[in-house]
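A short reminder: the numbers here are calculations on the coordinates, not readings from a lab. All values derive from a computational prediction rather than experimental measurement. Quick reminder, even Gly has a Cβ in these numbers, built from the backbone with ideal geometry, and neighbours come from all protein chains shown.
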């Protein structure tokens, strides 16, 4: 039968090899294309302007190319997301692994993980159409596009990431440590907060780094609800523009491909890529050190 | 709730109450998000909306091109990314020896899984739209999304392949089977349920993605049915995004309708996946 011929076997292993090389090619092309276009960009715009100027207006008459407004916009929304998701995620994971009965955990954890399955346009819709008008009732200065509701909703989006990684690391804490604590006469809360949580520390830290990376890379929520105002400020009640939202804005507009204005997109994407790369590496390292304990 | 043998102290009770409040806060947020969509979008669940074309007037607008666009994309992404993903997982787990190369490839895979989706969009634009000259077509969109979810498929499939007990492989070799026979007859059938679960999760992500397709230049206003691989297209999340971006509340309701149909599509794909998995598991248990 053809299935057992030697050529079939050889062809199959070659096929596997070529499939695996797709991932390498992807990485190579990400790096090549991003850096090539960014290099072209820096031939026209000096690097000092890109990193030192505080005005971003490549699409206007008077063009300036200072990336800081986009970076602060990105940091503002992702920090709000982290402020929402981190305490919530950690507390819920402690609740799941230390307090609640296993059968409730088996029910609740997948339910909360549904939050990760919701398409991000849905979150954007929710932030713009439901959350912002609702919060305007008691925050009259809240603009209709603002960093606050985009950030809060993004916090919901990254909650499952933080929850499941910190839950895993709490589960990984050896039961003997807990028993030792009890043997020394510690109460349940003392064991939880002085033994289990510190022991799971690097895992919890990895969870927040990974959550932050996801928040920085998220596009749709901030495009829909945070506005398109690249201004250097830290007021969560006002509109901002994130790096991702800028890329989306240019892609949706009629900026001609190959122009300097379009190249800005690649320069911004390179900064975004490097930022998330650093965070992902950090999380990977933390998780590896966790697994070896 | 499990309080151990002792009765809980006051402090513990306060802590438990706090935990409960936060957990129910998160659950409520999930309910409200989905509830808001259902409340606003349910009115749009009719045949006119489902079979209509986009329009300047919100009440006449429909989502047929977006629905078909999403269907095309999902089908193509599944056809491209699942075979490549499974084959590379096999390469990792069955052919590659442990060592620095495997470690490097492993890190590469995990890094790729963390690259923001919009960066994939820009790369897709450079590779498929410009270099391969596929235009802003369904094919370019599907290939870009395939690249995006490939790492997820590979990681899930590797996990599934690793679950196949080593003794099964050894038994197969002991009977004189070659490596290829073992992979074909033992590893693939036994890891298939896990592979399918992982692939369905990855495909669910593909259905909801809008950012990379926006980069590629998927259109936001498509008044025709896509007629082949090279046709311009739109998808449900992009159509919803387009409607949300408009100031009129009537369009927001359309967006909610489109999102609701998107969620129903997600549910259908997921239940299909579960059905296939159950069927496979049943067959494995019998054999």
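Give the shape of chain A as rounded, prolate or oblate, defined through the alpha-carbon gyration tensor: a ≥ b ≥ c are the square roots of its eigenvalues, a/c under 1.5 means rounded, and otherwise the shape is prolate if a/b is larger than b/c and oblate if not. Numbers along the way, then the final one.
Working: a/c = 2.06, a/b = 1.22, b/c = 1.69.
The shape class here is oblate.
Residue B:39 to residue B:276: extension gain in nm, 0.36 nm per residue of separation minus the Cα-Cα distance?
On the way: separation 237, 0.36 × 237 = 85.32 nm, distance 3.19 nm.
Length gained between residue B:39 and residue B:276: 82.1 nm.
Can you sort A:243, A:47, A:157 by how many other beta carbons sit within 10 Å, fewest first? Walk me through the numbers on the way to the answer.
Details: A:243 28, A:47 11, A:157 24.
The order, fewest Cβ neighbours first, is A:47, A:157, A:243.
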For segment B:1-105, the percent of all C-alpha pairs falling in each 5 Å bin, from 0 up to the bin holding the max distance, is 2, 9, 8, 8, 7, 8, 8, 9, 11, 12, 10, 5, 1, 0
Would you mind computing, in nm to one decimal, how far apart the modelled labels at residue A:137 and residue A:274 are, each placed 7 Å from Cα along Cα→Cβ? 4.6 nm
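Partner chain Cβ atoms within 10 Å, averaged over the residues of B:183-190 - can you pull that number for me? Show your work: numbers first, answer last.
Numbers: counts 4, 5, 1, 0, 0, 0, 0, 0.
Going residue by residue through B:183-190 and averaging, the value is 1.
Set the Förster radius R0 to 41 Å, insert the Cβ-Cβ distance between residue A:233 and residue B:28 as r into 1/(1 + (r/R0)^6), and round the FRET efficiency to 0.05. Please report the intermediate quantities before stating the final value.
On the way: r = 32 Å, r/R0 = 0.77.
Given R0 = 41 Å and the Cβ-Cβ separation, E is 0.85.
Could you work out, residue by residue across A:122-135, how many beta carbons of other chains sit within 10 Å of that residue's beta carbon, and then give the average as an integer? Walk me through the numbers before you get to the answer.
Details: counts 13, 1, 8, 14, 8, 2, 4, 9, 7, 4, 0, 0, 1, 0.
Taking all residues of A:122-135 together, the mean is 5.
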When a/c is below 1.5 the answer is rounded, else prolate if a/b is larger than b/c, else oblate, so apply that to the protein assembly as shown with a ≥ b ≥ c taken from the square roots of the Cα gyration tensor eigenvalues. rounded
Alpha carbon centre of segment B:134-159 versus segment B:28-99: separation in Å? 14 Å
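Determine, from the Cβ-Cβ distance of residue B:46 and residue A:190 and an R0 of 56 Å, the FRET efficiency 1/(1 + (r/R0)^6), rounded to the nearest 0.05.
Details: r = 59 Å, r/R0 = 1.06.
E between residue B:46 and residue A:190, to the nearest 0.05, is 0.40.
Evaluate the relative contact order of chain B (contact order divided by residue number), counting alpha-carbon pairs under 8 angstrom at least 6 apart; express in whole percent. Please report the intermediate quantities before stating the final value.
Working: 350 pairs, mean separation 77.1, N = 287.
In percent, rounded to a whole number, it is 27.
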Linear extension gain, residue B:224 paired with residue B:10, 0.36 nm per residue minus alpha-carbon span: 70.5 nm
May I ask you to work out the translational diffusion coefficient for segment B:131-244 at 20 °C, viscosity 1.002 mPa s, via Stokes-Einstein with Rh from the Kirkwood sum over Cα pairs, reported in whole µm²/s? 128 µm²/s
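Determine the shielding of peptide B:13-19 by partner chains: average, over its residues, the number of Cβ atoms on other chains within 10 angstrom of each Cβ.
Numbers: counts 0, 1, 9, 5, 0, 2, 9.
Per residue, the number of nearby Cβ atoms from other chains is 4 on average.
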Packing-based exposure ordering (other Cβ within 10 Å, fewest first) of A:51, A:262: A:51, A:262
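Could the peptides A:203-215, A:270-282 be put in order, highest first, of the mean number of other beta-carbon atoms found within 10 Å of their residues?
In decreasing order of mean packing, A:203-215, A:270-282 become A:203-215, A:270-282.
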With N set to the number of residues, divide the alpha-carbon radius of gyration of segment A:195-293 by 2.2 N^0.38 Å and report two decimals. 1.38
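With the Cα gyration tensor of segment A:1-141 giving a ≥ b ≥ c as the square roots of its eigenvalues, does the rule (a/c under 1.5 for rounded; else a/b larger than b/c for prolate; else oblate) give rounded, prolate or oblate? List each step's numbers first, then the result.
On the way: a/c = 2.78, a/b = 1.10, b/c = 2.52.
Taking the square roots of the gyration eigenvalues as a ≥ b ≥ c, segment A:1-141 is oblate.
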Per-residue ellipticity at 222 nm for the protein assembly as shown, helices alone: DSSP H runs ≥ 4 residues times -39500 (n - 2.57), over residue total, nearest 500 deg cm²/dmol? -23000 deg cm²/dmol
I want to check the label-to-label distance for residue B:246 and residue A:254. Put each point 7 Å from Cα in the C-beta direction and report it in nm to one decimal. 1.9 nm
Exposure proxy check on A:123, B:16, A:257, A:182: fewest-to-most Cβ neighbours within 10 Å is A:257, A:182, B:16, A:123
Could you work out how far apart the two model spin labels at residue A:113 and residue A:63 are, taking each label as a point 7 Å from the Cα in the direction of the beta carbon, and quote it in nm? 4.8 nm
Selected from A:18, A:35, A:234 as most flexible by GNM, with chain A as the system and alpha-carbon contacts under 10 Å: A:18
How much space per residue, in cubic angstrom, does the convex hull of the C-alpha atoms of segment B:183-287 take up? 132 Å³
Taking N as the number of residues in segment B:49-286, the ratio of its alpha carbon radius of gyration to 2.2 N^0.38 Å works out to 1.17
